Amino acid sequence: MSNLIAGQDIHMSYGGVVPELASRAHQANIVPVADQALKKAGIGVDDIDAVAFTLGPGLLGSLLVGTSFAKGFALARNIPLIGVNHLHAHIMAHFILEKDKENRVPELPFLCLLVSGGHTRLVVMQNHLEMEIIGNTIDDAAGEAFDKCGKLMDFPYPAGPVIDKYASEGNKKAFNFSKPSVKGLDFSFSGLKTSFLYFLRDRLKEDPEFIIKNRNDLCASLQETIVGILINKLVKASQQTGIRELGIAGGVSANSGLRNALARESTKRGWNLFVPPIAYTTDNAAMIGITGYYKYLRGEYSSQDTAPQARI
Ligand code: KG4
Ligand code: ZN
(Lines give C-alpha, C1' and ligand atoms only; values in the text may rest on other atoms or scores of the structure.)
(Ligands and ions follow the chains in the order given, each with its own letter.)
Protein backbone atom coordinates (compact mmCIF):
# COMPACT_ATOMS: atom_id res chain seq x y z
CA MET A 1 0.00 0.00 0.00
CA SER A 2 3.05 2.20 0.37
CA ASN A 3 6.77 1.54 -0.08
CA LEU A 4 9.04 4.33 1.10
CA ILE A 5 12.82 4.54 1.10
CA ALA A 6 15.01 7.04 2.92
CA GLY A 7 18.24 7.11 0.90
CA GLN A 8 21.54 7.98 2.55
CA ASP A 9 23.58 10.23 0.26
CA ILE A 10 26.09 10.79 3.07
CA HIS A 11 28.02 7.64 2.02
CA MET A 12 28.74 8.87 -1.51
CA SER A 13 31.49 11.23 -0.39
CA TYR A 14 33.25 8.37 1.45
CA GLY A 15 33.24 5.89 -1.44
CA GLY A 16 31.31 3.28 0.56
CA VAL A 17 28.88 2.82 3.44
CA VAL A 18 30.23 4.10 6.78
CA PRO A 19 28.53 1.85 9.38
CA GLU A 20 28.26 4.40 12.19
CA LEU A 21 26.85 7.08 9.89
CA ALA A 22 24.39 4.54 8.48
CA SER A 23 23.04 3.68 11.96
CA ARG A 24 22.69 7.34 12.90
CA ALA A 25 20.81 8.06 9.68
CA HIS A 26 18.52 5.06 10.35
CA GLN A 27 17.85 6.38 13.84
CA ALA A 28 16.99 9.83 12.50
CA ASN A 29 14.82 8.51 9.66
CA ILE A 30 12.87 5.59 11.05
CA VAL A 31 10.03 7.36 12.83
CA PRO A 32 9.34 9.94 10.09
CA VAL A 33 9.47 7.23 7.41
CA ALA A 34 7.09 4.89 9.26
CA ASP A 35 4.81 7.85 9.83
CA GLN A 36 4.82 8.82 6.15
CA ALA A 37 4.27 5.20 5.07
CA LEU A 38 1.05 5.06 7.11
CA LYS A 39 -0.09 8.39 5.69
CA LYS A 40 0.63 7.32 2.14
CA ALA A 41 -1.27 4.05 2.66
CA GLY A 42 -4.14 6.03 4.13
CA ILE A 43 -4.34 3.90 7.27
CA GLY A 44 -3.66 4.32 10.97
CA VAL A 45 -1.64 2.30 13.50
CA ASP A 46 -4.82 0.45 14.53
CA ASP A 47 -5.05 -1.09 11.05
CA ILE A 48 -1.69 -2.83 11.30
CA ASP A 49 -1.93 -6.59 12.02
CA ALA A 50 1.76 -7.42 12.37
CA VAL A 51 5.16 -5.77 12.03
CA ALA A 52 7.96 -7.29 9.96
CA PHE A 53 11.56 -6.15 10.19
CA THR A 54 14.99 -7.11 8.79
CA LEU A 55 16.79 -9.53 11.06
CA GLY A 56 19.93 -9.64 8.89
CA PRO A 57 22.33 -10.11 7.24
CA GLY A 58 23.57 -6.54 7.23
CA LEU A 59 25.28 -3.86 9.29
CA LEU A 60 24.50 -4.51 12.91
CA GLY A 61 24.01 -0.89 13.97
CA SER A 62 21.39 -0.28 11.28
CA LEU A 63 19.70 -3.63 11.95
CA LEU A 64 19.46 -2.77 15.66
CA VAL A 65 17.59 0.44 14.89
CA GLY A 66 14.98 -1.41 12.81
CA THR A 67 14.71 -4.30 15.25
CA SER A 68 14.23 -1.97 18.23
CA PHE A 69 11.62 0.06 16.40
CA ALA A 70 9.72 -3.09 15.35
CA LYS A 71 9.83 -4.53 18.87
CA GLY A 72 8.54 -1.28 20.38
CA PHE A 73 5.77 -1.08 17.78
CA ALA A 74 4.70 -4.70 18.26
CA LEU A 75 4.76 -4.41 22.03
CA ALA A 76 2.82 -1.15 22.07
CA ARG A 77 0.15 -2.45 19.69
CA ASN A 78 0.17 -6.03 21.01
CA ILE A 79 0.63 -7.49 17.53
CA PRO A 80 2.97 -10.19 16.16
CA LEU A 81 6.61 -9.36 15.50
CA ILE A 82 8.14 -11.03 12.43
CA GLY A 83 11.88 -11.14 11.74
CA VAL A 84 12.80 -11.44 8.06
CA ASN A 85 16.00 -12.57 6.35
CA HIS A 86 17.09 -9.81 3.98
CA LEU A 87 18.17 -12.21 1.22
CA HIS A 88 14.98 -14.25 1.44
CA ALA A 89 13.12 -10.95 1.07
CA HIS A 90 15.00 -10.00 -2.12
CA ILE A 91 13.69 -13.20 -3.73
CA MET A 92 10.21 -12.80 -2.24
CA ALA A 93 10.00 -9.44 -4.05
CA HIS A 94 8.73 -11.54 -6.97
CA PHE A 95 5.55 -12.25 -5.04
CA ILE A 96 4.59 -8.64 -4.31
CA LEU A 97 1.08 -7.84 -5.47
CA GLU A 98 0.28 -4.16 -5.70
CA LYS A 99 -3.09 -2.78 -4.80
CA ASP A 100 -5.37 -2.54 -7.87
CA LYS A 101 -2.68 -4.02 -10.15
CA GLU A 102 -2.37 -7.46 -11.61
CA ASN A 103 1.01 -9.06 -12.16
CA ARG A 104 2.36 -12.53 -12.74
CA VAL A 105 4.09 -14.33 -9.89
CA PRO A 106 6.41 -17.34 -10.27
CA GLU A 107 5.18 -20.90 -9.90
CA LEU A 108 7.16 -23.13 -7.54
CA PRO A 109 9.81 -24.49 -7.65
CA PHE A 110 11.40 -21.22 -8.71
CA LEU A 111 15.08 -20.79 -9.58
CA CYS A 112 16.41 -17.36 -8.66
CA LEU A 113 19.76 -15.68 -9.20
CA LEU A 114 20.26 -13.40 -6.20
CA VAL A 115 22.75 -10.64 -7.00
CA SER A 116 23.09 -7.94 -4.35
CA GLY A 117 25.91 -5.81 -2.99
CA GLY A 118 27.14 -8.51 -0.66
CA HIS A 119 25.84 -11.78 -2.13
CA THR A 120 25.75 -13.76 -5.38
CA ARG A 121 23.76 -16.94 -5.09
CA LEU A 122 21.66 -19.40 -7.03
CA VAL A 123 18.64 -20.33 -4.98
CA VAL A 124 15.85 -22.84 -5.54
CA MET A 125 12.67 -21.80 -3.81
CA GLN A 126 10.65 -24.91 -2.93
CA ASN A 127 7.92 -22.98 -1.16
CA HIS A 128 7.60 -19.40 0.01
CA LEU A 129 9.48 -20.04 3.22
CA GLU A 130 11.94 -22.76 2.22
CA MET A 131 14.88 -22.37 -0.08
CA GLU A 132 18.00 -24.22 -1.07
CA ILE A 133 21.25 -22.51 -2.04
CA ILE A 134 22.70 -24.43 -4.99
CA GLY A 135 25.45 -21.97 -5.95
CA ASN A 136 27.39 -19.27 -4.14
CA THR A 137 30.30 -16.92 -4.66
CA ILE A 138 33.57 -18.17 -3.27
CA ASP A 139 34.88 -14.61 -2.81
CA ASP A 140 33.36 -11.25 -3.89
CA ALA A 141 29.76 -10.65 -4.92
CA ALA A 142 28.81 -9.38 -8.40
CA GLY A 143 27.75 -6.07 -6.81
CA GLU A 144 31.20 -5.76 -5.24
CA ALA A 145 32.80 -6.35 -8.64
CA PHE A 146 30.78 -3.43 -10.02
CA ASP A 147 31.48 -1.23 -6.99
CA LYS A 148 35.19 -2.00 -6.63
CA CYS A 149 35.99 -1.72 -10.36
CA GLY A 150 33.97 1.50 -10.41
CA LYS A 151 36.02 2.84 -7.55
CA LEU A 152 39.18 2.14 -9.57
CA MET A 153 37.71 4.42 -12.25
CA ASP A 154 36.91 7.04 -9.59
CA PHE A 155 33.13 6.62 -9.78
CA PRO A 156 31.01 7.47 -6.73
CA TYR A 157 29.52 4.69 -4.57
CA PRO A 158 27.52 2.65 -5.48
CA ALA A 159 29.21 2.36 -8.88
CA GLY A 160 26.87 -0.29 -10.35
CA PRO A 161 24.25 2.14 -11.68
CA VAL A 162 27.01 4.48 -12.99
CA ILE A 163 28.70 1.66 -14.92
CA ASP A 164 25.30 0.59 -16.26
CA LYS A 165 24.67 4.12 -17.59
CA TYR A 166 28.06 4.55 -19.31
CA ALA A 167 27.96 0.97 -20.63
CA SER A 168 24.88 1.76 -22.69
CA GLU A 169 27.02 4.15 -24.78
CA GLY A 170 30.06 1.87 -25.09
CA ASN A 171 31.36 -1.05 -27.10
CA LYS A 172 31.16 -4.25 -25.06
CA LYS A 173 33.75 -5.97 -27.23
CA ALA A 174 36.34 -3.16 -26.90
CA PHE A 175 38.30 -4.90 -24.14
CA ASN A 176 38.60 -8.49 -23.09
CA PHE A 177 38.70 -9.43 -19.42
CA SER A 178 39.26 -13.02 -18.47
CA LYS A 179 36.44 -15.00 -16.91
CA PRO A 180 37.14 -17.27 -13.93
CA SER A 181 36.76 -21.01 -14.15
CA VAL A 182 34.98 -22.10 -11.02
CA LYS A 183 33.53 -25.57 -10.76
CA GLY A 184 29.84 -26.37 -10.51
CA LEU A 185 27.41 -23.58 -9.82
CA ASP A 186 29.72 -21.39 -7.74
CA PHE A 187 30.97 -17.93 -8.72
CA SER A 188 34.16 -15.93 -8.30
CA PHE A 189 34.66 -12.21 -8.89
CA SER A 190 37.85 -11.26 -7.06
CA GLY A 191 40.10 -12.31 -9.98
CA LEU A 192 38.21 -10.02 -12.34
CA LYS A 193 38.69 -7.08 -9.97
CA THR A 194 42.44 -7.79 -9.76
CA SER A 195 42.88 -8.19 -13.51
CA PHE A 196 40.90 -4.99 -14.07
CA LEU A 197 43.22 -3.21 -11.62
CA TYR A 198 46.39 -4.41 -13.41
CA PHE A 199 44.89 -3.69 -16.81
CA LEU A 200 44.13 -0.08 -15.82
CA ARG A 201 47.51 0.36 -14.17
CA ASP A 202 49.36 -0.74 -17.33
CA ARG A 203 47.24 1.37 -19.66
CA LEU A 204 47.47 4.45 -17.43
CA LYS A 205 51.25 4.22 -17.60
CA GLU A 206 51.01 4.62 -21.38
CA ASP A 207 48.31 7.26 -21.27
CA PRO A 208 47.28 9.02 -18.02
CA GLU A 209 43.94 9.89 -19.65
CA PHE A 210 43.14 6.29 -20.60
CA ILE A 211 40.11 6.00 -18.32
CA ILE A 212 38.57 9.32 -19.34
CA LYS A 213 39.08 8.57 -23.04
CA ASN A 214 37.73 5.01 -22.85
CA ARG A 215 35.18 5.32 -20.06
CA ASN A 216 32.13 4.03 -21.94
CA ASP A 217 33.98 1.13 -23.58
CA LEU A 218 35.57 0.13 -20.27
CA CYS A 219 32.16 0.09 -18.58
CA ALA A 220 30.51 -1.82 -21.43
CA SER A 221 33.28 -4.46 -21.54
CA LEU A 222 33.37 -4.88 -17.77
CA GLN A 223 29.59 -5.18 -17.57
CA GLU A 224 29.59 -7.70 -20.41
CA THR A 225 32.11 -9.85 -18.53
CA ILE A 226 30.15 -9.78 -15.24
CA VAL A 227 26.85 -10.47 -17.01
CA GLY A 228 28.47 -13.34 -18.96
CA ILE A 229 29.67 -15.00 -15.75
CA LEU A 230 26.20 -14.71 -14.20
CA ILE A 231 24.23 -15.96 -17.20
CA ASN A 232 26.58 -18.88 -17.77
CA LYS A 233 25.87 -20.26 -14.27
CA LEU A 234 22.16 -19.54 -14.47
CA VAL A 235 21.92 -21.55 -17.69
CA LYS A 236 23.86 -24.38 -16.03
CA ALA A 237 21.60 -24.28 -12.96
CA SER A 238 18.46 -24.42 -15.08
CA GLN A 239 19.85 -27.40 -17.00
CA GLN A 240 20.87 -29.24 -13.83
CA THR A 241 17.61 -28.68 -11.93
CA GLY A 242 15.31 -28.82 -14.95
CA ILE A 243 13.61 -25.66 -13.65
CA ARG A 244 12.46 -23.15 -16.28
CA GLU A 245 10.62 -20.86 -13.89
CA LEU A 246 13.46 -18.40 -13.51
CA GLY A 247 14.18 -14.99 -12.04
CA ILE A 248 16.74 -12.49 -10.81
CA ALA A 249 16.70 -10.47 -7.59
CA GLY A 250 18.82 -7.99 -5.62
CA GLY A 251 20.43 -4.65 -6.49
CA VAL A 252 22.43 -5.91 -9.49
CA SER A 253 19.22 -7.25 -11.08
CA ALA A 254 18.51 -3.60 -11.94
CA ASN A 255 21.39 -3.80 -14.44
CA SER A 256 20.15 -3.26 -17.98
CA GLY A 257 22.91 -5.39 -19.53
CA LEU A 258 21.87 -8.32 -17.36
CA ARG A 259 18.18 -7.75 -18.09
CA ASN A 260 18.73 -7.61 -21.86
CA ALA A 261 21.00 -10.65 -21.94
CA LEU A 262 18.50 -12.61 -19.84
CA ALA A 263 15.59 -11.68 -22.06
CA ARG A 264 17.51 -13.00 -25.08
CA GLU A 265 18.51 -16.19 -23.28
CA SER A 266 14.99 -16.69 -22.06
CA THR A 267 13.48 -16.54 -25.55
CA LYS A 268 16.11 -18.94 -26.82
CA ARG A 269 15.61 -21.47 -24.02
CA GLY A 270 11.89 -21.16 -23.39
CA TRP A 271 12.21 -19.95 -19.81
CA ASN A 272 9.35 -18.35 -17.93
CA LEU A 273 11.38 -15.33 -16.85
CA PHE A 274 10.67 -13.01 -13.91
CA VAL A 275 12.46 -9.69 -13.67
CA PRO A 276 11.27 -7.48 -10.81
CA PRO A 277 10.31 -3.84 -11.35
CA ILE A 278 13.34 -1.61 -10.62
CA ALA A 279 11.78 -0.37 -7.37
CA TYR A 280 11.85 -3.94 -6.00
CA THR A 281 15.41 -4.80 -7.04
CA THR A 282 17.51 -2.59 -4.75
CA ASP A 283 16.72 -2.61 -1.01
CA ASN A 284 13.11 -1.72 -0.30
CA ALA A 285 10.41 -2.05 2.33
CA ALA A 286 7.86 -3.92 0.18
CA MET A 287 10.08 -7.02 -0.02
CA ILE A 288 10.27 -7.19 3.78
CA GLY A 289 6.50 -6.67 3.91
CA ILE A 290 5.66 -9.51 1.49
CA THR A 291 7.98 -11.93 3.29
CA GLY A 292 6.44 -10.91 6.62
CA TYR A 293 3.01 -11.55 5.12
CA TYR A 294 3.82 -15.16 4.17
CA LYS A 295 5.38 -15.78 7.59
CA TYR A 296 2.30 -14.25 9.20
CA LEU A 297 0.04 -16.69 7.32
CA ARG A 298 2.11 -19.56 8.72
CA GLY A 299 2.26 -18.07 12.24
CA GLU A 300 6.06 -17.82 12.12
CA TYR A 301 6.55 -15.04 14.65
CA SER A 302 9.64 -13.79 16.45
CA SER A 303 9.88 -13.27 20.18
CA GLN A 304 10.80 -10.04 21.94
CA ASP A 305 14.26 -11.41 22.76
CA THR A 306 15.15 -11.91 19.08
CA ALA A 307 18.48 -10.26 18.24
CA PRO A 308 19.52 -9.11 14.75
CA GLN A 309 22.47 -10.85 13.13
CA ALA A 310 25.14 -9.34 10.90
CA ARG A 311 25.53 -12.75 9.21
CA ILE A 312 22.82 -15.36 8.85
O1 KG4 B 1 20.44 -5.39 -2.99
P2 KG4 B 1 21.14 -4.10 -2.82
O3 KG4 B 1 20.33 -2.84 -3.01
O4 KG4 B 1 21.82 -4.00 -1.43
C5 KG4 B 1 22.37 -5.09 -0.78
O6 KG4 B 1 21.60 -5.80 -0.11
O7 KG4 B 1 23.58 -5.28 -0.97
O8 KG4 B 1 22.36 -4.13 -3.83
C9 KG4 B 1 23.26 -3.07 -3.95
C10 KG4 B 1 24.20 -3.38 -5.09
C11 KG4 B 1 25.39 -2.43 -5.21
O12 KG4 B 1 26.55 -3.19 -5.36
C13 KG4 B 1 25.09 -1.63 -6.47
O14 KG4 B 1 26.24 -1.20 -7.16
C15 KG4 B 1 24.33 -2.65 -7.28
O16 KG4 B 1 23.50 -3.30 -6.34
N17 KG4 B 1 23.50 -2.05 -8.34
C18 KG4 B 1 23.76 -2.21 -9.65
C19 KG4 B 1 22.77 -1.46 -10.35
N20 KG4 B 1 21.94 -0.88 -9.43
C21 KG4 B 1 22.41 -1.27 -8.20
N22 KG4 B 1 24.71 -2.90 -10.29
C23 KG4 B 1 24.72 -2.87 -11.64
N24 KG4 B 1 23.83 -2.17 -12.37
C25 KG4 B 1 22.84 -1.46 -11.78
N26 KG4 B 1 21.95 -0.78 -12.53
ZN1 ZN C 1 19.78 -5.99 -0.39
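The values are calculated or read from the model by the stated rules, or taken from the named source; none is laboratory data. As the structure is a prediction and not an experimental result, all values here were calculated from the model. Glycine gets a Cβ as well: all are built from the backbone with ideal geometry, and neighbour counts include every protein chain shown.
The table below gives the values:
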item: Residue in segment 251-272 that is more than 16 Å from ligand 2 (Cβ to nearest atom), more than 17 Å from residue 172 (Cβ to Cβ), touching a strand residue (DSSP E or B) at 6+ places or on another chain (Cβ under 8 Å) and of a type in the set (A, V, I, L, M) present; result: no
item: Flag for residue 150 being modelled with pLDDT of 95 or more, at positive phi and not acidic (Asp, Glu); result: no
item: Within segment 49-97, tally of residues that are over 20 Å from the mean Cα position of the chain (by Cα) and over 16 Å from residue 299 (Cα atoms); result: 12
item: The listed residue being out of contact with any Gly (no Cβ under 9 Å at 6 or more places or on another chain) and on the phi > 0 side of the Ramachandran plot, out of 46, 9, 100, 35; result: 100
item: Residue that is modelled with pLDDT of 95 or more and away from ligand 1 (no atom under 14 Å from the Cβ), where the choices are 122, 113; result: 122
item: Identity of the residue in segment 269-298, without any contact (Cβ under 8 Å) to a residue 40 or more places away in the chain and part of a loop (DSSP other than H, G, I, E, B), that ends up nearest to ligand 1 (Cβ to nearest atom); result: 282
item: Criterion violated by residue 173 - all others in (1) touching a residue at least 24 places away in the same chain (Cβ under 8 Å); (2) touching a Lys or Arg at 6+ places or on another chain (Cβ under 9 Å) satisfied; result: (2)
item: Search result, residues across segment 233-252 that are in a helix (DSSP H, G or I), within 17 Å of residue 145 (Cβ to Cβ) and in contact with a Gly (Cβ under 8 Å, 6 or more places away or on another chain); result: 233, 251, 252
item: Where residue 168 falls short, out of the listed (1) surrounded by fewer than 20 Cβ atoms within 10 Å (Cβ to Cβ); (2) away from ligand 1 (no atom under 16 Å from the Cβ); result: (2)
item: Among (1) surrounded by 13 or more Cβ atoms within 10 Å (Cβ to Cβ); (2) more than 16 Å from ligand 2 (Cβ to nearest atom); (3) aromatic (Phe, Trp, Tyr); (4) more than 24 Å from residue 235 (Cα to Cα) - the single one residue 157 does not satisfy; result: (2)
item: Test: residue in segment 126-134 that is within 19 Å of residue 250 (Cβ to Cβ), surrounded by 14 or more Cβ atoms within 10 Å (Cβ to Cβ) and within 14 Å of ligand 1 (Cβ to nearest atom); result: no
item: Conditions (1) surrounded by 20 or more Cβ atoms within 10 Å (Cβ to Cβ); (2) within 15 Å of the chain's Cα centre (by Cα); (3) of a type outside the set (A, V, I, L, M, F, W, C); (4) within 11 Å of ligand 1 (Cβ to nearest atom); number of the one not met by residue 150; result: (2)
item: Check on residue 50, out of contact with any helix residue (DSSP H, G or I) (no Cβ under 6 Å at 6 or more places or on another chain), in contact (Cβ under 8 Å) with a residue 12 or more places away in the chain, of a type in the set (Gly, Ala, Ser) and surrounded by 14 or more Cβ atoms within 10 Å (Cβ to Cβ); result: no
item: Some residue of segment 252-264 being touching an Asp or Glu at 6+ places or on another chain (Cβ under 8 Å) and either hydroxyl-bearing (Ser, Thr, Tyr) or over 28 Å from residue 218 (Cα atoms) (or both); result: yes
item: Residue 239, sole failed condition from (1) closer than 20 Å to residue 122 by Cβ; (2) away from ligand 2 (no atom under 16 Å from the Cβ); (3) in contact (Cβ under 8 Å) with a residue 24 or more places away in the chain; result: (3)
